[in-house]
Each structure stands twice: as C-alpha cells, then as structure tokens.
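For reference, the structure discussed in these notes is given below.
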Amino acid sequence: MKDSRKYLEELVQFGHRGSATKNERQAAEYILRELERMGYKVERQTFKTTRDNLYMLPLQVAILLFISALLSLMYGGIVNALAFFLSIFGIMLLLLEVSGIPVETSIMPRFLSQNIFTKFDESKEKRIIVSAHYDTQRASVMFHPKIVDYLGLIYNISYAGFGLVPIGILFNVFKFQPLGTVFLIIGLIIVTANIIFMALCEITGKYTPGANDNGTGVALALALAEYYINHKDEFPGNVDVVFLFTGSEETGERGMKHFIKKYAKSLPKDTQFIILDNLGTGKITYLEGEGMIFYKKAGKMLLDIAEEMQKGHSGKVQRMKNLLLPTDALPVMAAGFDAIAFLAKDEKGRLGNYHWHTDTIENVDIDLLLYEEEFFKEYLIKVAETLK
C-alpha cells in the first residue's frame, strides 16, 4: 500500500496540471491506473470547458459593463435602454458563475477535460463521495504574496464598481442627475481598472506546480481509496464510498458542475460530499459554508462530526466561515446535497503558497499530510456510521 506522501511524489512528476491541458489528461490517466490497481472499477466522464475563467470571465463581464457605461454617458436617450440590458446581461453572467449552478457563462474556446471516479455500487442505499480536484491554476500578480491578503478588498471594490454601472444607467433613464452620471463615472473608473488588471493577469499568468493545490487533496483521496477497498469491513454494509477526482475545478468548478449535471438524479438525496483541497500547510480547517455572494451552509451532520473531532485533535483543527473563491463543494450545495470542504490554513485564514510559483512539494508539510491521512480515515468512518 502507498501512503499520501508517495501519491503526492508521483503526481507532481507531471509538472503543472493546467485545466483542460495535456498535463491534466496525463494526471487523469495516472489516477485512473492507480484506482484500477487498487481493484476498483473506474468511470471516466469527459466534457469540454474553457482553460480559464478566473481571469477571463471577470474581464468579459467588465468589457460588457465598460461598453454599457460609455453608451449611456455618450448617447443617453433611448440608447440607455440598450445599455441597461447589456449591463444586466453582464451582471447575470457573473452571478450565474458564482452561484454554483451548472450553466456555461464563458464565450472562450473549449477543450477536453474529464472526471475520474470509482463506479457506484447500486446495491447500497447510502452514498458518500470523497472528492478532490487534480488540476492547477495559473499564478499571476493577483496572487503575489504581497497582494493576496488584499484579494477580498479587490473583489469587493470590483463588485461595487460593476453594480454602479446598471444603477447609474437606471438613474439616467429616470433623469436622476447628476447622481446617475456620478455613479457611471465611478463605475467606469473601477471597471476600466478591472479590465487592465485582469488583462495583465491573463497575459502574464503561468501555471503553478500545484503540489498543495491540489496535489495534497488528490494524494489524500487516493490514500483513502486504498484504505477503503482494503478495510470495507470497518464500514457499514449499506454505505457506498465513491472517490471522485474532478478536472477543471480551477475554471469555476467545471468538473464538479458536469458531474452534478449528469449524475445528480441518480444519487440518493442524503448523499454526503467530502471535498479535500489545499491541505499542505497550517491546520486542518473545515468550512462552515461556501460562496461569497450566494452563501450555502455545509451539511449539518458533516459539520457536527468535524466539530466533534476538532475537540479530540486539540490545536490541530479549526473552523472557518468560507473562502473568497469557492471549492467544489459549492455546485454540490447549489444542487441541494450536503457537503463540506476541508483545507489547511493558518490562524489568519491563509492558504500556503496559494496559486503561486512556490506551490512545490518542498513547501508541503509532509508530517501534516500523514497526520491528515489518519484524521480523514477516522472522519470517513464516523460519517459512514452516522449515515447508515
């Protein structure tokens, strides 16, 4: 049997695993082979997706809002109606993207990606899905160590600026001046800055090695899969544990969205999802929920068990509200299933080497990784026992 350290060492040999790239496909083949070696029957779900939404989607929305604001400021009159609907269309694209609903919002070219997962045991009434994404993000100035702590502020200012554009146009329609013009000018300044910033990120962004994000989650999920298939006698007989490895999570949870879209109707309503992501430094951290704009709370049973275990792992486990950017738990929660996301963060909520070039195996805390392996074995058994 291999432990999570060995799986991580093997996974990072692929270099980056950029969403919908050749390297991502090679990593998928590795995961599939490992699961088959363990004795699982494995399914592959292929889909097409863009290679980048983190930078390109806000850029796409900002350009729509820029055009809308200029139309309203320069022409006014009946053109305001066109400008307003164009701005609302841009805002709706953004809201759909952050909602977790499986709807494509990008106009960019699409490429092949895939999910790899162990076959459902239809003879069992209950199901737990342990999931980890295996793709990696592109580092850019947005995630520079001196800037990343201000991401929340950057996003809040951007969203405020985006919202001012349709509000300003609406004020122009009803002749609320000069307030409409002031809102539009402020919104236009913020939108323009956003276009420049996101374009810079898109042009200069380069893939990270992804040892922590999310080599650690994949390594732990593979170690848990090997443990489960060799220790099924420790689990209730009516509970099926499925191991799901999603592609293209970094493009807006595209892998999980495609999985939910295809398989949600065939899953028991009480299926429990455990998401493993970024578990290489700091303390084991479980999230109370997901979503910056549309907040979804984690499953009560999953939270209760995590809280109970926190007491038994004094000083090594902590609870936090949510992340700025969502995990694969968001599409699951949006579909009505219970889910919880586990990460490893410091006391201030920082993820180690987050989307940066230093996300290498040398900067992963291997002792923590091995500790987490035992923690999640215990957690998985407790969830199964409670669910049965």
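The values are calculated or read from the model by the stated rules, or taken from the named source; none is laboratory data. These numbers come from a predicted model, not from an experiment. Note that we place each Cβ from the backbone using ideal geometry, even for glycine, and neighbour counts take in every protein chain shown. These area figures cover heavy atoms from the full protein model, side chains too; ligands, DNA and RNA do not enter into them. Shrake-Rupley method; radii C 1.70, N 1.55, O 1.52, S 1.80 Å.
Some notes on this structure:
- Within segment 357-388, the set of residues being part of a helix (DSSP H, G or I), open to solvent by less than 30 Å² (accessible area, probe 1.4 Å), closer than 16 Å to Gly280 by Cβ and not charged (D, E, K, R) comprises Leu368, Leu369, Phe375, Phe376.
- Of the residues making up segment 16-55, those that are within 18 Å of the chain's Cα centre (by Cα) and open to solvent by 30 Å² or more (accessible area, probe 1.4 Å) number 3.
- Residue within segment 292-299 that is in contact with a strand residue (DSSP E or B) (Cβ under 7 Å, 6 or more places away or on another chain) and within 27 Å of Lys119 (Cα to Cα) present: yes
- The set of residues in segment 100-117 that are in contact with a helix residue (DSSP H, G or I) (Cβ under 6 Å, 6 or more places away or on another chain) and among the polar types (S, T, N, Q) comprises Thr105, Ser106, Gln114, Asn115.
- Search result, residues across segment 139-180 that are of a type outside the set (A, V, I, L, M) and in contact with a Phe, Trp or Tyr (Cβ under 8 Å, 6 or more places away or on another chain): Ser140, Phe143, His144, Pro145, Pro166, Gly168, Phe171, Gln177, Gly180
- Residue in segment 104-119 that is within 30 Å of Pro236 (Cα to Cα), touching an Asp or Glu at 6+ places or on another chain (Cβ under 8 Å), at pLDDT 90 or above and assigned to a loop (DSSP other than H, G, I, E, B) present: yes
- Going through (1) crowded, with 24+ Cβ neighbours inside 10 Å; (2) out of contact with any Phe, Trp or Tyr (no Cβ under 8 Å at 6 or more places or on another chain); (3) under 14 Å from Phe376 (Cβ atoms) one by one, Glu250 falls short only on (3).
- Within segment 289-306, considering residues that are within 18 Å of Leu380 (Cα to Cα) and either of a type in the set (D, E, K, R) or touching a Leu at 6+ places or on another chain (Cβ under 7 Å) (or both), the one surrounded by the most Cβ atoms within 10 Å (Cβ to Cβ): Ala298
- Breaking point among (1) in a helix (DSSP H, G or I); (2) under 20 Å from Gln137 (Cα atoms); (3) out of contact with any Phe, Trp or Tyr (no Cβ under 8 Å at 6 or more places or on another chain), for Tyr227: (2)
- Those residues of segment 307-349 which are among the charged types (D, E, K, R) and open to solvent by 20 Å² or more (accessible area, probe 1.4 Å), in sequence order: Glu307, Glu308, Lys311, Lys316, Arg319, Lys321, Asp338, Asp346, Glu347, Lys348
- Residue within segment 4-14 that is of a type outside the set (Ser, Thr, Tyr), open to solvent by less than 30 Å² (accessible area, probe 1.4 Å), touching a strand residue (DSSP E or B) at 6+ places or on another chain (Cβ under 9 Å) and modelled with pLDDT of 95 or more present: no
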